[in-house]
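Note sheet for the following structure.
The values are calculated or read from the model by the stated rules, or taken from the named source; none is laboratory data. Keep in mind the model is a prediction, meaning the values are calculated, not measured. FYI the Cβ positions are ideal-geometry reconstructions off the backbone, even for glycines, and counts take in every protein chain you see.
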Amino acid sequence: MEDSVRRRVGEREAQTESATSQTSTDFSDEDLSDSDFTPVSEGDGKVRSGILNPLKVVLILTTALAVFLLFRDQSSFLRTLDEPTGSPVKSSKSSGEGQTGKTVVNGITIWAKEELAKFTGVDEKLPVLLAYMGKVYDVSKGRRHYGPGGSYQFFSGKDATRSFLTGDFKNDLTDNLDGIAESSYGDIENWDNTYSKSADYKQVGVLCGYFYQCVGDKNPGQPTEKLLHVERMAAKSKVDAAKENEIFVEFPQCNSEWSQEKGGRVWCSDKSGGIDRNWSGLPRLFLTQKDGKKSTRCACVHPDKVKDPRVELYPSCPPDADSCKLQQ
Ligand code: HEM
């Protein structure tokens, strides 16, 4: 997840840079052109440059003041963008009702939901757009997926992040991730990569809504409190997944079989659970907890670790048995 977060930060930096350069060009050299320093013609009609006269002094001072004000404004503008975005808006304001069309603020194109809804591919003259995690992408090159008749046409013209994570393409076509299962956060980065790392799809702005602030909000185009929360949860989920992986190496899955006549059986080998190792271990019940729910699985436990508090003997299976029959 760090990658995705880093990329997002990178994107924001890129947008910040473009915003900065755009503003810089607002104050082009023309504004400070030679005409401001035109030599002064004195009473005798001859041009005398190089000699300080009161008018020249006033001109120089005025120019110096203008330059000072210019750089003062620019530096405060940079500071505003470089600084953390202040307190992002709370959820109720980020529904997108306050904005129409699309608006460029500090180089970031902020889309209103009604505007994005026009880009479903039904109008063949328009590109096909969709949003994922509030980032609006031009997916015209994937028209066969997202255009009319495509298997994923319901994703176009909107942000349906929730359905990407739940797989419910009817009820969850929304950007609202409130109350989503903790386990779903692990998938966020994969879908993000589908779009942000694609050579075919280009980001064309952000969507005013759950993830990004709208025009009229405190920091238009910047992440909402909700997005920052989702990013934190996704990062945590990545750490949890790495820890879980470590557990599967330390306590590999057992082999198992089941038949009508014999019932179930679990046993260990030095490759069970897909973990190649120089020990087989003893089959044990292993207690796990995910999304607040407790469950058990069979783990091959190294003899040194049979006292681990997460480990229990299978009922009616001797402690040193390398195979256990499951009770029906
Ligand atoms: C949460 C569940 C799923 C989501 C959110 C999802 C989403 C997507 C998306 C967005 C694409 C287009 C990717 C692109 O633009 O390049 C895609 C392609 C595809 N998906 Fe899914 N998918 C899901 C589950 C499935 C399942 C279960 C299957 C198979 C049974 C499947 C089969 C395919 C196939 C075959 C393609 C490629 C189509 C092609 O290249 O023409 N998807 N999926």
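Condition first: touching a residue at least 40 places away in the same chain (Cβ under 8 Å) and not aromatic (Phe, Trp, Tyr). Now tell me which residues in region 312-326 satisfy that.
In the first step, residues of region 312-326 are kept if they are touching a residue at least 40 places away in the same chain (Cβ under 8 Å); the result is 314, 322-326.
Residues satisfying the conditions are 322, 323, 324, 325, 326.
Restricting the search to region 99-157, which residues are outside any loop (DSSP other than H, G, I, E, B), surrounded by fewer than 20 Cβ atoms within 10 Å (Cβ to Cβ) and among the small types (Gly, Ala, Ser)?
Once the filter is applied, which keeps residues that are outside any loop (DSSP other than H, G, I, E, B), surrounded by fewer than 20 Cβ atoms within 10 Å (Cβ to Cβ) and among the small types (Gly, Ala, Ser), region 99-157 yields only 140.
Would you please list the contacts, defined by Cβ atoms under 9 Å and residues six or more apart or on different chains, that run from a residue in region 263-280 that is in contact (Cβ under 8 Å) with a residue 40 or more places away in the chain and within 10 Å of residue 252 (Cβ to Cβ) to a residue that is part of a strand (DSSP E or B) and β-branched (Val, Ile, Thr)?
Listed pairs, sorted by first residue: 268/301.
Pick from 187, 217, 200: which is within 16 Å of the ligand (Cβ to nearest atom) and touching a residue at least 60 places away in the same chain (Cβ under 8 Å)? Explain how you work it out, then say what you get.
Numbers: 187 fails: touching a residue at least 60 places away in the same chain (Cβ under 8 Å); 217 fails: within 16 Å of the ligand (Cβ to nearest atom).
Of the residues listed, the single one that is within 16 Å of the ligand (Cβ to nearest atom) and touching a residue at least 60 places away in the same chain (Cβ under 8 Å) is 200.
Could you list, ordered by first residue, the pairs with Cβ atoms under 7 Å in which the first is in region 124-149 and free of Cβ contacts under 8 Å to residues at least 12 places away in the same chain and more than 10 Å from the ligand (Cβ to nearest atom) and the second is of a type in the set (A, V, I, L, M, F, W, C) and not in a loop (DSSP other than H, G, I, E, B), at least 6 apart or interchain?
From region 124-149, no pairs qualify.
Does residue 248 satisfy being within 24 Å of residue 183 (Cα to Cα), in a helix (DSSP H, G or I) and of a type in the set (A, V, I, L, M, F, W, C)? Walk me through it before giving the result.
Values: within 24 Å of residue 183 (Cα to Cα): yes; in a helix (DSSP H, G or I): yes; of a type in the set (A, V, I, L, M, F, W, C): yes.
Against the criterion (within 24 Å of residue 183 (Cα to Cα), in a helix (DSSP H, G or I) and of a type in the set (A, V, I, L, M, F, W, C)), residue 248 qualifies.
Considering every residue within region 284-304, establish whether at least one is part of a helix (DSSP H, G or I) and not assigned by TED's automatic domain parsing to the domain that holds residue 186.
Pass one, region 284-304, residues part of a helix (DSSP H, G or I): 303-304.
Remaining after also requiring not assigned by TED's automatic domain parsing to the domain that holds residue 186: 303-304.
Checking region 284-304: at least one residue is part of a helix (DSSP H, G or I) and not assigned by TED's automatic domain parsing to the domain that holds residue 186.
Being without any contact (Cβ under 8 Å) to a residue 24 or more places away in the chain, part of a loop (DSSP other than H, G, I, E, B) and either among the charged types (D, E, K, R) or in contact with a Ser or Thr (Cβ under 6 Å, 6 or more places away or on another chain) (or both) is the requirement here; does residue 307 meet it? If you could, list the steps in order and put the result at the bottom.
Working: without any contact (Cβ under 8 Å) to a residue 24 or more places away in the chain: yes; part of a loop (DSSP other than H, G, I, E, B): yes; either among the charged types (D, E, K, R) or in contact with a Ser or Thr (Cβ under 6 Å, 6 or more places away or on another chain) (or both): yes.
So residue 307 passes the test.
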